[in-house]
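Below is one structure; the comments refer to it alone.
A short reminder: the numbers here are calculations on the coordinates, not readings from a lab. Please read all numbers here as calculations on a predicted model, not as lab measurements. Glycine also receives a Cβ, built like all others from the backbone with ideal geometry; neighbour counts cover every protein chain displayed.
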Amino acid sequence: MTGQIAMAPPQPQEGIPFAQRPDPVLRERLSGPGLRTFFNIATEWGLSVEQQRRLLGGLAPSTYYKWKGGAGGTLSYDQLERISLALGVYKALKLLFAMRRHARSGALAQRR
């Protein structure tokens, strides 16, 4: 290893870099999967249409139903971020309750 400089592994970036946030190509690519994910989470949580519209930034009913029907356009960065935050909460709750189930099942096994 003489003469070689050890390089640190690249660090993961948090979110979309600020300079790329207004990029319509990037936002368009993320919009469809983001909306499908959001609607699946909202269904699992039992959110009303009004609650979903508020979480997406106060959408007009016509826009909501257009997006819900699959004819989504390009979301704003704010809307993508809102979906990302909902996904983060969803993931955290899944992990939390999985750990609690695991802890309970381990405690029950020890009692036997």
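Details
- As a proxy for reagent exposure, F38, F18 were ordered by neighbouring Cβ count within 10 angstrom, fewest first; the result is F18, F38.
- Using all pairs of distinct alpha-carbon atoms, the Kirkwood hydrodynamic radius of region 40-95 works out to 11.9 angstrom.
- Translational diffusion coefficient (Stokes-Einstein; Kirkwood radius from C-alpha pairs) of region 11-78 at 4 °C, 1.567 mPa s, in µm²/s: 100
- The residues E50, E81, when put in order of fewest to most other Cβ atoms within 10 Å, stand as E50, E81.
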